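Please read the structure below before turning to the comments.
Here, each number is a calculation from the coordinates, and none is a lab measurement. Keep in mind that this is a model prediction, so the values were computed, not measured. All Cβ positions, even for glycine, are placed from backbone atoms using ideal geometry, and neighbour counts span all protein chains on display.
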Amino acid sequence: MSTLIKYNNEGLPVSGYIKGSPLVMSASSFGAPADQPKQPAGHVAPNVVEARAATRWVPWGPTNNYPVEAAADFRLNGIASRGLKLKGDMLYGKRVVACKVKGFDDGAQKEVVEIVSDPEINQFLTRSNINAFRSRAITDFVWLSMIFPIFLLNPDRSKISMVVHDKASKFRFAPFDEQKGRIDKVFRSANWPNPSEGQYEELAAIDSYLYALEVDRIRYDNQYKYVYPIQSYDILNDYYAVTIQEALRKNGTLANSNSIPAIVKSMIKNVMSIKYHIRIPLSYWETLYPNFKKLSDKERDKIVGDKLQEINDFLSGQDNQMKAFISHYTVDRITGKETGWEIVPLDDKMKYDSWTGVDTAAAAQILFAIGINPAIFGLDSPSGGMGNNGGSNIREAWLTLIASSQGERDTIYSWWPFVREYNGYDPDIELRTIDQVLTTLDQGKGTSKTVS
């Protein structure tokens with residue numbers, strides 16, 4: 001293994017790093033720096049179940065195509081797609097700012113935050129196109145619980161010049177490197193599940209959990225591009241986190257919800273055959289065709305079939321609802337009573353209204369799984385019925401959503417502490433989101449802004 005050593009002006013070794021080792025050595029004892037652990041911090045090797053089909057990379061799902069498969073299912077469901085979009089919009093907030101927490105206001109029961117204008121940080125965020133970056137990163141996080149920010153270093157490797165985004169669906173982890181005690185590489189490709197040679201890129205990875213130790217390792221490395229994988233914490237998986245809404249795919253809720261529009265569409269298309277029994281007097285055919293009984297079976301079938309098709313086309317389908325039906329009565333030659341056509345309503349065993357109830361209940365379950373209170377969409381909980389959700393219910397549901405978002409926002413921006421330390425920025429500077437909060441009209445305004 002090669003050793004990278006830095007010397008001071010007197011020619012004495014200040015620090016050193018053995019490439020491939022988790023240790024950074026200092027001049028005092030040529031061991032771990034005083035503020036770092038004696039033993040190298042690493043991870044227990046991931047469970048073999050998740051990586052059992054690993055080759056050069058660990059597959060994402062049984063077919064190594066989970067992002068595409070999950071997106072296809074959720075995109076079929078309008079309420080799920082809208083719920084995921086709304087959650088992303090909430091996490092995005094109004095904008096992100098660099099700031100410092102100066103204290104806590106006991107009266108207002110909130111932190112006192114001071115916005116910081118640092119030219120170097122502002123340039124970094126501008127170069128990184130931070131608004132586009134975080135919009136895309138948040139979308140990845142909401143849909144897949146994974147983000148793969150890419151750090152690009154400047155020519156002398158003294159600074160991280162910018163953070164850039166690429167779709168999380170393009171990345172796969174290399175298997176855990178037991179010698180180094182970390183996942184050391186990731187692969188990027190737009191051609192999963194089986195990219196050919198030349199269709200993927202191998203990139204160095206940073207251990208985002210032990211980032212404080214990784215800063216010095218990266219300083220003494222020689223790469224200019226690194227991936228900083230971020231994932232929502234998963235109690236089982238070590239490579240790819242499983243989203244909470246994945247339960248909707250596993251338990252059939254999403255598939256059931258996706259099937260309801262097709263069922264309702266079929267019911268609307270065939271609504272006449274479901275709802276009515278058409279009674280046609282036998283005398284009708286002889287009145288219309290005096291020699292009807294003398295016709296061949298084929299001729300009679302043609303006459304009756306054409307008439308039935310005409311009736312069906314007239315009465316069925318959503319374009320034909322509420323049409324008037326007119327028939328002419330005659331006097332039965334035997335009974336002397338008036339006879340004519342009758343349309344008799346039948347008991348609907350598959351009521352349309354019952355399916356709309358099932359649909360709204362499924363919508364409520366989907367929104368709950370995503371983390372959205374259905375009241376925001378005007379649904380009651382948990383039945384899913386359309387309720388009388390006024391401004392207060394919607395406002396409180398939105399405020400609760402924002403209040404519960406801090407953990408996810410901390411995860412999404414967990415790349416910032418690494419950049420801050422590597423670039424030598426003030427260690428107290430954080431990235432925080434400004435939220436636009438709905439207020440009551442008695443406050444004289446419809447919205448207010450908070451930093452969270």
- Task: Calculate, in nm to one decimal, what PHE104 and ASN258 gain on full extension: separation in residues at 0.36 nm each, minus their alpha carbon distance.
- Result: 50.7 nm
- Two-site label geometry, ILE394 and LYS250: point separation in nm, points 7 Å out along Cα→Cβ: 3.5 nm
- Query: When a footprinting reagent is the concern and you count Cβ atoms within 10 Å, what order do SER404, SER189 take, fewest first?
  - Reply: SER404, SER189
- Message: Could you list TRP416, TRP57 so that the one with the fewest beta carbons within 10 Å of its beta carbon is first and the one with the most is last?
- Response: TRP416, TRP57
- Within the set of other residues whose C-beta is less than 11 Å from the C-beta of ALA168, count the net charge using Lys and Arg as +1 and Asp and Glu as -1. +3
- Too long at a 20 Å Cα-Cα cut-off: which of LYS85/LYS265; LYS185/LYS225; LYS159/LYS225; LYS265/LYS302; LYS87/LYS167; LYS265/LYS307? LYS85/LYS265; LYS265/LYS302; LYS265/LYS307
- With a/c under 1.5 counting as rounded, go ahead and sort segment 138-211 into rounded, prolate or oblate using the C-alpha gyration tensor (a ≥ b ≥ c being the square roots of the eigenvalues; past the cut-off, prolate if a/b is larger than b/c, else oblate). rounded
- Message: So if each residue of separation counts as 0.36 nm, and I subtract the Cα-Cα distance between ASN194 and SER135, what length gain in nm does that give?
- Response: 18.4 nm
- Item | Sequence of HIS165, HIS277, HIS43 once ranked by neighbouring C-beta atoms within 10 Å, starting from the fewest | HIS277, HIS43, HIS165
